[in-house]
Each structure stands twice: as C-alpha cells, then as structure tokens.
Amino acid sequence: MSGRISVEVPTGAEGSRVDRFMADASGLSRALVQRLIAEGRLTTDDGQRLRARDPVRAGQHLALNVPEAAPDAVVAEDIPLEVVYRDDDVIVVDKPAGLVTHPAPGHQHGTLVNALLALEAGASGLGSIGGVQRPGIVHRLDRDTSGLLMVARNDAAQVSLQAQLKARRVRKTYLGLAGGVVNAQLGRIEKPIGRDPRNRMRMAVTGEGKPAVTGYRVRERFTRWTLLELDLVTGRTHQIRVHLASIGHAIAGDAVYATGVTRRGPDALARLFLHAWKLEFLSPRSGRLVRCEAPLPDELERVLDELRAVQEGRS
C-alpha cells in the first residue's frame with residue numbers, strides 16, 4: 001500500500017493518540033505508522049507535522065504519506081511448504097515446527113517468508129502492509145509450534161484479516177499436551193500477559209500485562225499427561241504456554257516455561273507439543289466462512305500412540 005491516506009477525525013475519537021488513531025483508520029500496523037510519523041509523513045491540513053503521542057481533535061483532517069515499498073531485502077528460498085487452502089486473497093499453510101515465521105535481525109534466511117517468496121514468485125504476490133520483512137504476514141506462530149498460519153496475498157486482504165484478528169473474529173484452536181492431569185473437563189484462563197520483569201526475554205502473567213484469554217477442553221487423559229484442545233481468544237506472545245504454565249500444567253517439551261519432567265516431555269517427544277489445529281476466518285472478498293484443519297504431525301501422533309500403549313498396559 002502506498003500513496004496518500006486522508007482521514008477526518010470523527011466526533012468521539014478526540015483525545016486518542018494520533019499513532020493509534022491512524023493505525024485503526026488506515027489498517028496499517030501501529031509500528032509502521034509510528035515509523036512514518038517519525039519520518040515526518042503525517043501532517044494536518046495546514047501542513048503541520050505531528051508526533052506519535054499527539055492527541056487528535058474532532059474534525060481534524062490528517063494526511064499520511066505512505067511511500068512505495070523498498071526493494072526486497074529478503075530473498076526467495078526453495079523451502080517446502082504444505083498449502084492447506086488458497087484463493088485469490090489468502091494462503092493458509094501448515095507450518096512445520098522449527099521454521100521461524102519471518103526474518104528478524106540476525107535471522108534473514110530459512111524462514112516462512114523466504115519460502116512464501118518462492119511460492120508466490122516474489123513479494124508482488126503478497127500483502128505489502130507489513131513491510132519487506134513481513135510480506136503478507138498478519139499473525140505468527142512460535143518457531144517450535146507447528147500448524148495453520150494464514151497469509152494475505154494482497155493489501156486489501158491483509159487489512160481485512162488484521163481487522164478480523166483485532167475484532168476476535170478469527171477462531172484459532174490448538175492441540176497441546178499438558179503436564180499432569182487436568183481435572184476440569186473444560187475451563188477458561190483469564191490472566192494478563194506481559195514481559196517478565198525478571199527476564200525480558202520471557203513473557204509472564206503480570207498485572208502490568210495486556211488482557212489475555214485462553215479456553216480449553218480435555219480431549220484425552222493419560223497417567224501423567226492431558227491432551228487439550230485450546231482456543232486462543234486473544235493473541236498474546238506465548239499466550240498458551242504462559243497460561244498453561246500459570247495453572248501448573250505447562251506444555252510438554254517447553255524449554256522456556258516448563259520444569260522437570262514436563263520440560264523434557266514423554267520419552268518419545270523431541271519438540272514442543274503444541275500444534276495450531278483449526279483455523280476459521282471470513283473470506284476478505286466474499287465474506288463466506290473459511291474453515292481449515294491440519295492434523296497432528298506424525299512425530300506428535302507417535303508420542304500419543306506410545307502414551308496410549310502405556311495406558312493400556314501394552315508396553
């Protein structure tokens with residue numbers, strides 16, 4: 001997306017920070033809007049440049065100049081991807097564990113984005129709102145989490161999917177193996193999540209965090225483990241992992257938030273047992289409901305098979 005975005009501030013929006021208001025009004029990410037404001041690209045109708053923290057006024061006319069995207073800094077790489085769903089606007093892939101979603105400082109190669117650039121023959125086949133480092137990316141999965149991830153193929157689709165995520169209209173259901181026996185058949189965890197004040201590289205349940213909600217249902221119980229279906233109502237970083245650890249049932253194989261036996265996981269487990277299983281969203285173009293499903297990877301099914309064998313006394 002490039003060009004001039006003009007917006008009039010409606011009554012009722014006055015007092016909001018201008019970076020937050022413009023992000024909501026334009027569909028651009030707040031980080032991108034802040035960068036454009038820092039470059040002096042947001043002005044009032046009389047040419048005055050604004051700062052990100054400036055409040056907006058009702059009736060105020062704002063103009064944001066969005067430049068053409070810079071040449072690609074990320075290269076296409078022939079990395080196999082399993083496409084679960086594809087139309088003119090959206091691709092849904094089944095991301096394998098171990099694959100990082102997008103490039104980051106010091107990690108420019110071997111990511112999902114590198115694979116997508118090869119799949120789509122360049123960034124022109126993906127949404128540009130996230131910038132050259134994140135073409136088409138509207139949400140992400142942790143490196144060690146496998147499963148469904150949707151990608152926008154154009155800017156209009158990216159705006160639509162981001163708006164659906166923000167309005168909590170995208171349904172994301174995971175399968176996770178939790179340590180211990182979860183007694184309640186179903187439950188809901190509502191605890192705010194933010195940076196761990198003792199270790200900024202981790203997330204934690206903290207009163208200073210953002211609201212976070214995870215629903216769960218027991219799918220199968222084992223002697224020392226519980227297989228859960230997990231509904232990600234909000235989308236905070238490491239949300240499922242932090243929430244489950246906070247109730248004493250961390251995800252098996254989690255080297256960051258689990259301890260002891262749960263950190264190692266069952267004998268057959270060699271990765272984090274967390275998989276994005278189901279995904280539901282509205283088609284940006286037609287508005288119809290799109291449902292996608294990705295079965296558990298073989299390496300996780302084998303773990304469950306061994307747990308069932310032990311449960312049944314076959315080994």
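The values are calculated or read from the model by the stated rules, or taken from the named source; none is laboratory data. These numbers come from a predicted model, not from an experiment. Quick reminder, even Gly has a Cβ in these numbers, built from the backbone with ideal geometry, and neighbours come from all protein chains shown. Only protein heavy atoms, including side chains, enter the accessible area calculation; ligands, DNA and RNA are left aside. Shrake-Rupley method; radii C 1.70, N 1.55, O 1.52, S 1.80 Å.
Here are some notes:
- Among the residues of the stretch 283-312, the one identified as among the acidic types (Asp, Glu) and either touching a helix residue (DSSP H, G or I) at 6+ places or on another chain (Cβ under 6 Å) or under 30 Å from GLN164 (Cβ atoms) (or both) is GLU293.
- Cβ pairs under 9 Å, 6+ apart, first in the stretch 46-68 and free of Cβ contacts under 8 Å to residues at least 24 places away in the same chain and within 12 Å of VAL18 (Cα to Cα), second in a loop (DSSP other than H, G, I, E, B) and not β-branched (Val, Ile, Thr): ARG49/GLY40; ARG49/ARG41
- Where strands (runs of 3 or more DSSP E) fall wholly inside the stretch 1-87, the ranges with 2 or more residues that are closer than 30 Å to SER283 by Cα and over 28 Å from the mean Cα position of the chain (by Cα) are 3-8.
- Filter result (within 24 Å of PHE273 (Cα to Cα) and either at pLDDT below 90 or not in a loop (DSSP other than H, G, I, E, B) (or both)) within the stretch 108-139: GLY110, THR111, LEU112, VAL113, ALA115, ILE137
- Looking only at the stretch 156-191, and only at residues there that are without any contact (Cβ under 8 Å) to a residue 40 or more places away in the chain and either under 24 Å from GLY287 (Cα atoms) or within 14 Å of the chain's Cα centre (by Cα) (or both), the one that is least open to solvent (accessible area, probe 1.4 Å): ALA167
- Considering residues of the stretch 83-94 that are within 18 Å of LEU141 (Cβ to Cβ) and without any contact (Cβ under 8 Å) to a residue 60 or more places away in the chain only, the residue most open to solvent (accessible area, probe 1.4 Å): VAL83
- Flag if ALA31 is among the small types (Gly, Ala, Ser), within 30 Å of GLY98 (Cα to Cα) and in contact (Cβ under 8 Å) with a residue 24 or more places away in the chain: no
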